[in-house]
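Q: Here you go, one structure.
The values are calculated or read from the model by the stated rules, or taken from the named source; none is laboratory data. The structure presented is a predicted model; accordingly, all values stated were derived computationally and were not measured. Cβ coordinates were reconstructed from backbone atoms using ideal geometry, including for glycine residues, and neighbour counts include every protein chain displayed. For accessibility, only protein heavy atoms count, side chains too; no ligands or nucleic acids. Shrake-Rupley method; radii C 1.70, N 1.55, O 1.52, S 1.80 Å.
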Amino acid sequence: MANDPIHQFVINDIFTLGTIGGDGTAGSGTTIAFTNSALFMVLTVITISVYLLLSTRGRSLIPNRWQLSSEMTYEFVANMVRSSAGTEGMKFFPFVFSLFMFIFIGNMFGMVPYFFTFTSHIIVTFALSMLVMTVVVVYGFLKNGPRFLKLFVPSGVPGYIIPIVTPIEVISFLSRPISLSVRLFGNMLAGHITLKVFTGFVVSLGSLGALGILGSVLPLFMGVAITALEFMVSTVQAYVFAVLTAMYLNDAIHPSH
Amino acid sequence: MARITIAQAGDTETVVVTPEFDSVGGDHTLSEGALLESTEASVDEHHTEVFPPFDSTTFASQILWLAISFAALYFIMSRLALPRIGSVLEERRDRIEGDLVEADRLRKKTDDAIASYETALAEARSRAHVIAEQARAESKARIDTERQRIEDDLSKKVAEAEGRIAGTKQKALDHVGEIASETAQAVVGQLLGKVSIADARKAVATVGKE
């Protein structure tokens with residue numbers, strides 16, 4: 001099944017570390033392994049670190065183009081955090097920057113044929129968004145104490161509306177990690193499936209003879225177009241994730257709307 | 001195309017899935033084949049047929065490695081990469097600001113120099129005007145006195161010359177009577193004979209008086 005659009009998401013163990021729980025029999029418990037997903041996470045981290053550290057090695061006053069690209073990324077995320085969460089939010093700049101780069105490079109790795117896209121796994125994006133939410137809640141309570149709960153009671157709302165508004169606010173807050181993770185997961189998953197299906201058409205139609213080759217031109221163009229679209233989606237989704245993180249952190253810093 | 005039987009045996013519920021191979025249809029074999037193939041594709045890993053992203057057996061490994069890699073990334077970013085880029089940017093901003101301040105200072109200095117140069121120029125120009133005016137007045141006065149002196153000198157000389165001319169004329173006029181007498185004596189002597197000089201003089205004087 002070379003054309004199976006789902007096959008690209010299958011997790012393969014590269015080596016196994018051990019089993020947690022279970023009764024000792026084969027197949028029971030949870031296997032902890034270094035998988036292809038983990039490999040690409042590690043590769044992403046290495047790529048980001050090596051790139052940023054090597055490109056700024058010179059620390060030159062007049063940057064070369066490598067250093068400039070790192071500086072522009074820095075400035076881009078810094079401006080985003082500053083505009084969303086204010087100057088106080090800059091203490092979370094390394095966190096947002098790491099998130100943005102991790103997702104961005106992870107998505108970009110996904111665009112390379114035969115590479116695994118770890119952001120197309122709901123557990124990864126969910127874990128990342130839960131991390132964001134944990135940071136928001138913990139920091140919100142640490143900094144503001146119980147005043148953090150004012151987040152759910154918008155100021156300037158008449159008293160009789162509060163019983164209606166507060167549950168809505170609570171639900172919207174609780175759905176944030178879900179929307180944050182599903183947005184990224186869904187975009188990456190759907191994009192990769194679409195890409196695979198369209199390019200799969202090219203191969204299937206092409207094997208049908210002369211008419212098939214003629215017919216495969218259209219899905220080929222679609223495949224090229226979707227590839228371009230996917231590059232854009234990869235960038236935009238990383239940006240969206242980072243912007244939303246910065247906005248949620250802004251809630252933790254300034255809980256009253 | 002499978003019959004699912006739920007049999008109640010004692011206290012356990014057993015689900016028995018019995019493939020029905022006897023109810024053969026063309027469609028059936030195809031799906032059977034596809035099923036077999038897809039099972040083979042993923043049989044080596046996690047032996048599940050669930051959609052891979054929802055395969056919960058992989059969750060623990062993924063979360064573990066996500067935590068490790070993201071923690072490493074956060075550490076490297078917050079300790080090494082970002083402070084370095086930040087310091088480079090800071091240094092550059094400081095340098096640019098310093099340069100701008102320095103440029104501003106130099107510009108102010110230039111402006112001051114230009115202003116002082118201009119006042120000096122204006123002062124020098126007005127002084128030069130005064131000096132020129134003074135020199136002109138001086139030379140005019142000198143020329144006037146000189147002219148006065150020369151004019152005086154000339155008029156004196158003219159007056160002297162006129163006096164001399166008048167003297168000479170007078171002298172000449174004085175001699176006219178004598179010459180006339182002598183001429184008259186000579187003429188009369190030639191015409192009438194001898195006449196004394198005294199008579200001639202008297203005659204000339206008489207004529208002169210008429």
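Q: So what are the radius of gyration and Dmax for the Cα set of the protein assembly as shown, in Å?
A: 59.0, 220
Q: Obtain the nm distance between the two label points defined at residue A:175 and residue B:94 by a simple spin-label model: each point lies 7 Å from its Cα along the Cα-to-C-beta direction.
A: 5.0 nm
Q: Please compute the average number of Cβ atoms from other chains found within 10 Å of each residue's Cβ in peptide A:100-111. Write out the running numbers ahead of the final one.
A: Working: counts 0, 3, 6, 0, 0, 1, 1, 0, 0, 0, 0, 0.
Counting Cβ atoms of other protein chains within 10 Å of each residue's Cβ and averaging gives 1.
Q: Determine the total buried accessible area between chain A and chain B, counting protein heavy atoms only with a 1.4 Å probe; round to the nearest 100 Å².
A: Between A and B, the summed buried area is about 4100 Å².
Q: Let me ask you something else. Where the eigenvalues come from the Cα gyration tensor of segment A:87-174, what are the semi-axes √(5λ) of the equivalent ellipsoid, largest first, in whole Å?
A: Values: eigenvalues 240, 57, 21 Å².
After scaling each eigenvalue by five and taking roots: 35, 17, 10 Å.
Q: Relative to the isolated chain, which residues of segment B:76-96 have their accessible area cut by 50 Å² or more in the presence of all protein chains (1.4 Å probe, heavy atoms, no ligands or nucleic acids)?
A: B:77, B:82, B:84, B:85, B:88, B:89, B:92
Q: Separate question: How far is it, in nm, from the label point at residue B:141 to the one at residue B:157 when both lie 7 Å from their Cα along the line to the Cβ?
A: Reported label-point gap for residue B:141 and residue B:157 is 2.8 nm.
Q: Another question about this same structure. Quote the accessible area belonging to residue A:254 in square angstrom, nearest 10, computed with a 1.4 Å probe and with ligands, DNA and RNA left uncounted.
A: Surface open to solvent at residue A:254 totals about 80 Å².
Q: If I ignore ligands, DNA and RNA and count only protein heavy atoms, how much of residue B:99 is accessible to a 1.4 Å probe, in Å² to the nearest 10?
A: Around 90 Å² of this residue is reachable by solvent.
Q: Still on this structure: Carbon and sulfur atoms: what percent of the 1.4 Å accessible area of the protein assembly as shown do they account for?
A: Details: 19030 of 28630 Å².
Solvent-exposed carbon and sulfur of the protein assembly as shown make up 66 percent of the total.
Q: Which whole number gives the average, over all residues in A:70-77, of C-beta atoms from other chains lying within 10 Å of the residue C-beta? Spell out each step's value before the answer.
A: Values: counts 5, 5, 0, 1, 7, 2, 0, 1.
Taking all residues of A:70-77 together, the mean is 3.
Q: Restricted to Cα positions, what overall size does chain A have along the principal axes? Three whole-Å values, descending.
A: 72, 59, 44
Q: While we're looking at this one, here's another question. 7 Å from Cα along Cα→Cβ at both residue B:124 and residue B:80: what's the point-to-point distance in nm?
A: 6.6 nm
Q: Which whole-Hz couplings ³J(HN,Hα) result when phi for each residue of segment B:168-173 is put into the Karplus expression 6.51 cos²θ - 1.76 cosθ + 1.60, θ = phi - 60°, listed in order with x for Gly and Pro?
A: Coupling constants for segment B:168-173: 4, 4, 4, 4, 4, 5 Hz.
Q: Right, another one. Quick one: of A:91/B:108; B:157/B:209; B:169/B:209, which pairs are farther than 29 Å apart, Cα to Cα? Walk me through the intermediate numbers first.
A: Numbers: A:91/B:108 40 Å; B:157/B:209 36 Å; B:169/B:209 19 Å.
Distance filter (> 29 Å) returns A:91/B:108; B:157/B:209.
Q: Given H placed on each backbone N at 1.01 Å, which residues far from residue A:32 in sequence or on other chains put an amide H within less than 5 Å of it?
A: Counting only residues 5 or more places away or on other chains, the set is A:17, A:18, A:19, A:20.
Q: Something else: Show me the helices of chain A, taken as full DSSP H stretches, that run 30 Å or more along their long axis by Cα and average -1.0 or above in Kyte-Doolittle hydropathy. Kindly include the intermediate steps, with their values, before the conclusion.
A: Numbers: long enough: A:122-144 (32 Å, 1.98); A:162-206 (62 Å, 1.21); A:217-253 (53 Å, 1.53).
Helices meeting the criterion: A:122-144, A:162-206, A:217-253.
Q: Of all the Cα-Cα pairs you can form in segment B:55-108, what percent are over 14 Å apart?
A: Values: 1007 of 1431 pairs.
So the pairs more than 14 Å apart make up 70 percent of the total in segment B:55-108.
Q: So what is the 222 nm mean residue ellipticity for chain A from helices alone, if each DSSP H run of at least 4 adds -39500 (n - 2.57) and you divide by all residues, rounding to the nearest 500 deg cm²/dmol?
A: On the way: 7 runs with 170 residues, N = 257.
-23500 deg cm²/dmol, from helical runs alone.
Q: What number comes out for accessible area per residue over the protein assembly as shown if the probe is 1.4 Å? Units Å², please.
A: Per-residue value: 61 Å².
Q: Per-residue Cβ counts within 10 Å, from other chains only, averaged over A:6-13: what number is that?
A: Numbers: counts 6, 4, 1, 5, 11, 11, 5, 5.
If you average over the peptide's residues, the count of other-chain Cβ atoms is 6.
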